[in-house]
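The values are calculated or read from the model by the stated rules, or taken from the named source; none is laboratory data. Predicted model, so just to flag it, every value in this text is computed and none were measured. Cβ placement follows ideal geometry from the backbone for every residue including glycine, while neighbour counts extend to all protein chains displayed. All accessible areas refer to the heavy atoms of the entire protein, side chains included, with ligands and DNA or RNA removed. Shrake-Rupley method; radii C 1.70, N 1.55, O 1.52, S 1.80 Å.
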Amino acid sequence: MIGQSLSLQSLSKHFGRAAAVDNVSFDIAAGEFVSVLGPSGSGKSTLLTMIAGFEPPSAGRIAIGGYDITGVAPNRRNIGMVFQKYALFPHMTVLQNVAFPLRMRGLAREAIKDRVKQMMELVQLVGFDERYPSQLSGGQQQRVAVARALVGEPPVLLMDEPLGALDKNLREAMQLEIKRIQTKLGATVVYVTHDQDEAMTMSDRVAVMAGGTLVQVGAPSDIYHRPRSAFVAQFVGKMNFIDGECQHDDADTCHIRVSTSLTLAVPSPALHGADRLRRGRAVRLAVRPESLSFAKTDGALALPGTVEAEIFVGPFRLYLLRLATFGQPVVQAQLATSTHVGPFARDERVTLYAARDAFHVFAAPEA
Amino acid sequence: MSIETDIANPGAARVKRPATAIDRPYGATLAVLLKGAVLAVILFYLVLPTLIILPISLGRADYIEFPPRELTFHWYRQYLLDPDWMAATWFSLKIALATSLSATVVGTLASLVLVRGDLPGKQALQALSLGPMVVPHIVFGVALYLIFAPLQLTGNFVGFLIAHTVLAVPYVLITVTAALQRFDFTLELAALSCGASRTRSFVLVVLPNIAPSIAVAAVFAFLSSFDEATVAFFISDTGGKTISRKMFEDIDFNLTPVIAAVSTILAGVSLLLMALIRSARQHP
Amino acid sequence: MADLLASPERPSPTVKPAGFRSARRGRTASRYTPVLSLALTAPLLLLLAVGFLYPIGALIKLSLFMPTLDLSAYRKIVEQPIYLAIMARTFRIALLVSILSFVLGYPVALAMASLNRRLATIAAAAVFIALWSPVLVRSYAWIVLLQRNGVVNTLMAQAGLINAPVKLLYNEGAVILATTHVLLPFMILPIFVALRSIPRELVPAARNLGAGPATAFLRVTLPLSLPGVFAGSVMCFILALGFYITPALVGGSGSMMVATLIGQQATVLLDWPFAAALSTTLLVATLVIVLVFRKAFSLSKGFASVD
């Protein structure tokens, strides 16, 4: 039956001594759309391969709908999968491709015909039955791949960077299309991608992977607004980092010295369950470009800096600003084009503002 | 190259301007003509032997006559009416077809392992299986004669089948492993994820996609047997000889234009089969 | 058996604890297990053992044991000047054929790799015709061309160049001419493959940097095609070394090569131990060359470009 729960328990995969996936535990609810987001080599594809059954895990357990499928052969798992380059059978027509999973299950000819017809309507490919994959555009091939993966009503649908081969506009259209189909059918989807926008747009939850482990799992807004590590903070969305030193952390507010003359009071990391920072600890202060606003300096105010460059990006202008804090880092700030406050000259002195909650504090790696 | 650099450095422009046919000095044209003539002579040398046999085979005279004074299919008729030639032809065809089948099956199965298998000593097997291409055929022929003679396998279908399959297998291995290396194995994973068993995904997905290459391998194997002469020379006998062996004997003892007719047919079959493969590959 | 029955729809209840047991039962879907691999290669292994290794092994054994260890057959090769002379001639002819194949083959490979499509097609067609015409047919054609009343003599007489037929056949010249013809494609194809793999923009780049056409060829094209030249030369040399058909048909007693000698000993004089010793010597020489030059010697290189 389509849309069942998926449970990964202490899953590991070792190639020789290296662990591609290291002790991953993760529960996905029935009908949930979860993206596994990570840079290449983070183990996300290996994770998918193990769920599909193409590689046996070195340790751990996989269960679908509460039943252990760890030792089940891939062709008996009934998992739907959409591959990176679609993997459509080039010697079969669109119809034969979509009917293939049903043929393998030994369904009656009439039943196959009806089911395939429904699927073709769902993915809006009516009339393409007799074409071969090579006669289709990238987007159409993508739809065939989705139809083939879903036609057998899989309890779990796996998607391995399925939109990577498409250009930007088509990719955005297909994101919404896949989301529409998934919602309509109530499919459980595990979607592997390295594209954070894709993960944000489509998912109920995002699982960020790095070095074979899950570093944070949460709703897209959670991941974006409350990154739990400097890695997640910089991997998801744009992020500025400002080096500083902890002056005092009272588990509610943390006072960070960012230059010899300036100390900022920001939310303590202890609010998210991290340890309280001790005095003198080197930290990295993170703040997103769109959280920063700034104006020409008219007096002596916090976070002073100078303008390095101004870049027009369409809906907003991106500024590169050099802060007068430790190490003089260059940070990015975005201002909506409509609220343009410039023009700014190069090296013009400005002052940056951000809401207190916009700052995240991460302990810097110990020297 | 921008205009500015040309202006800044007028000397460079002269060096960099590509030479065209129009502004080539006279000497260069002569060199081109000379190069063309040399190439034409070499190409003529390459095709001459193949092209000369056709007019010879169509001549009327009992001896080799060039250019032929009168064109006739007389020698082709002689070939078709001669029971010895016919026996040798059928024997060769039987062996070549059987060799093609056995070498293709044996080679394709082994190719799967060479590309995707887990087998200790795979490298050694690969080197060994290409051995028949390296070992001089005279050595292999004499060795086979030594073994086959006491077993009465000379002039024998089974003896030839073994010998020619050994010689044909490397061609199959090279062709099919190349096809398997080109094949995208995610297609097989896709078939598995669609519920197909290993066997069915091989039969329904892998096989249809490498089938053209297997067909090519089968033709290579067929021709390698049909045209094989050295080993056939040693393991034939009066009771069973291939068309190559019969030709070899007749060239030595009875040089009639029938041989030219047979040669034309042999070359025609080979070239036609290979040309078919080539065009099928270019326009799938 | 459990995994045959288990499927998400018809699941087996989860009784076993998480961990290694289930993991070990799985297998990598993209590879064949050793057992399956062995089963699939078994026919080939059997074929090579029975039809290849055993006969060659028996031949080597025959050359060494009769029935106890006896090297007299090998001593015969070394002690009788006529056999040493044949060995030396074989090496000399093989070397000459390789050099000649390079000289004649390189321009053809260049033409095949040329950007001029008509030229490339014509050259490729000529190589195709030569390569796929049976060796025996081509050897016969050389007899037709070169014999006393053959095509060449006839045409020369008609042109008034000669009064009496010239002896063109059954000598070393005929052997070299015909053998070079047969082996030429094996030189051309590896060179062509090497030339074709040279990035198209390199020669224009060299020209742009001030190199003339000759310099560009000598400093860019030629060095980059050397792997192909090397592979083709090794291939031609070892094939020429053990070549039987053509030298046996167009050569005479004064131009005998090792392969012809082996054939004569085995079929006419029936001196089997001696034929076996000569065969073993030829085999060892070939294998040594292949092993020494194995990096250059890529069997599939030239062959893959043929089809």
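Based on this model, can you work out whether C:ALA58 counts as modelled with pLDDT of 80 or more and part of a helix (DSSP H, G or I)? For C:ALA58, the condition - modelled with pLDDT of 80 or more and part of a helix (DSSP H, G or I) - is met. Among the residues making up the stretch C:29-44, those that are open to solvent by less than 50 Å² (accessible area, probe 1.4 Å) and not in a helix (DSSP H, G or I) are C:ALA29, C:SER30, C:TYR32, C:THR33. Restricting attention to the stretch A:81-91, the residues being touching a residue at least 60 places away in the same chain (Cβ under 8 Å) and either outside any strand (DSSP E or B) or facing another protein chain (nearest Cβ under 7 Å) (or both) number 5. Among the criteria (1) touching a residue at least 24 places away in the same chain (Cβ under 8 Å); (2) among the aliphatic types (A, V, I, L, M); (3) under 21 Å from C:LEU115 (Cβ atoms); (4) open to solvent by 20 Å² or more (accessible area, probe 1.4 Å), the one C:ALA194 does not fulfil is (4). Of the residues that sit in the stretch A:92-126 and are closer than 24 Å to A:GLY164 by Cβ and within 14 Å of chain B (Cβ to nearest Cβ), which one is surrounded by the most Cβ atoms within 10 Å (Cβ to Cβ)? Applying the filter and picking the extreme gives A:VAL98. Just a yes or no: is a residue in the stretch A:38-46 of a type outside the set (Phe, Trp, Tyr), open to solvent by 10 Å² or more (accessible area, probe 1.4 Å), within 14 Å of chain C (Cβ to nearest Cβ) and more than 21 Å from A:MET1 (Cβ to Cβ)? Taking every residue of the stretch A:38-46 in turn, at least one turns out to be of a type outside the set (Phe, Trp, Tyr), open to solvent by 10 Å² or more (accessible area, probe 1.4 Å), within 14 Å of chain C (Cβ to nearest Cβ) and more than 21 Å from A:MET1 (Cβ to Cβ).
Every listed requirement among (1) over 19 Å from the mean Cα position of the chain (by Cα); (2) within 14 Å of chain B (Cβ to nearest Cβ) is met by C:LEU218 save one, (2). Of A:ALA30, A:ALA19, all but one fail to be over 30 Å from A:SER137 (Cα atoms), open to solvent by 30 Å² or more (accessible area, probe 1.4 Å) and in a loop (DSSP other than H, G, I, E, B); the exception is A:ALA30. Can you tell me which residues in the stretch B:63-73 are open to solvent by 40 Å² or more (accessible area, probe 1.4 Å), more than 14 Å from every other protein chain (Cβ to nearest Cβ) and either part of a helix (DSSP H, G or I) or not aliphatic (A, V, I, L, M) (or both)? Correct list: B:GLU70, B:PHE73. Filter the stretch C:45-90 down to the residues that are within 14 Å of chain B (Cβ to nearest Cβ) and among the aromatic types (Phe, Trp, Tyr) and list them by number. Matches in the stretch C:45-90: C:PHE52, C:TYR54, C:PHE65. C:ALA194 passes every criterion in (1) over 18 Å from the mean Cα position of the chain (by Cα); (2) more than 13 Å from every other protein chain (Cβ to nearest Cβ) apart from (1). Counting only strands (runs of 3 or more DSSP E) that sit wholly inside the stretch A:132-228, those with at least 1 residues that are over 30 Å from A:SER268 (Cβ atoms) and open to solvent by less than 40 Å² (accessible area, probe 1.4 Å) are A:157-160, A:189-193. Answer yes or no as to whether C:GLY263 is open to solvent by less than 50 Å² (accessible area, probe 1.4 Å), facing chain B (nearest Cβ under 8 Å), free of Cβ contacts under 8 Å to residues at least 40 places away in the same chain and in a loop (DSSP other than H, G, I, E, B). It is false that C:GLY263 is open to solvent by less than 50 Å² (accessible area, probe 1.4 Å), facing chain B (nearest Cβ under 8 Å), free of Cβ contacts under 8 Å to residues at least 40 places away in the same chain and in a loop (DSSP other than H, G, I, E, B). So, in the stretch A:182-201, exactly how many residues are polar (S, T, N, Q) and at pLDDT below 90? Going through the stretch A:182-201 one residue at a time, the tally reaches 2. If you go through the stretch B:227-254 and keep only what is within 14 Å of the chain's Cα centre (by Cα) and crowded, with 24+ Cβ neighbours inside 10 Å, you end up with B:GLU228, B:ALA229.
Could you say whether any residue in the stretch A:291-310 is assigned to a helix (DSSP H, G or I) and either modelled with pLDDT of 80 or more or open to solvent by less than 20 Å² (accessible area, probe 1.4 Å) (or both)? Looking through the stretch A:291-310, at least one residue is assigned to a helix (DSSP H, G or I) and either modelled with pLDDT of 80 or more or open to solvent by less than 20 Å² (accessible area, probe 1.4 Å) (or both).
Quick grid of which residues meet (1) over 30 Å from B:ILE42 (Cα atoms); (2) exposed (fewer than 15 other Cβ atoms within 10 Å of the Cβ); (3) aliphatic (A, V, I, L, M):
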| site | (1), (2), (3) |
| --- | --- |
| C:VAL50 | yes, yes, yes |
| C:GLY57 | yes, yes, no |
| C:LYS61 | yes, yes, no |
| C:SER72 | yes, yes, no |
| C:ILE77 | yes, no, yes |
| C:ILE82 | yes, yes, yes |
| C:ARG92 | no, yes, no |
| C:LEU96 | no, no, yes |
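Of the candidates C:VAL268, C:VAL258, C:VAL220, the single residue that is touching a residue at least 12 places away in the same chain (Cβ under 8 Å), open to solvent by 20 Å² or more (accessible area, probe 1.4 Å) and β-branched (Val, Ile, Thr) is C:VAL220.
Selection of first residues in the stretch B:201-221 that are away from chain A (no Cβ under 14 Å) and of second residues that are among the acidic types (Asp, Glu) and not in a helix (DSSP H, G or I), restricted to Cβ pairs under 7 Å at least 6 apart or on distinct chains, gives the following pairs, ordered by first then second residue: B:VAL216/C:ASP307. Whether a residue is within 10 Å of chain B (Cβ to nearest Cβ) and surrounded by fewer than 18 Cβ atoms within 10 Å (Cβ to Cβ) was assessed, and C:PRO213 passes this test.
Close contacts from the stretch A:208-232, counting a first residue that is touching a residue at least 24 places away in the same chain (Cβ under 8 Å) and of a type in the set (Lys, Arg) and a second that is crowded, with 18+ Cβ neighbours inside 10 Å and not in a helix (DSSP H, G or I), with Cβ to Cβ under 7 Å and a gap of 6+ residues or different chains, come to A:ARG228/A:GLN216.
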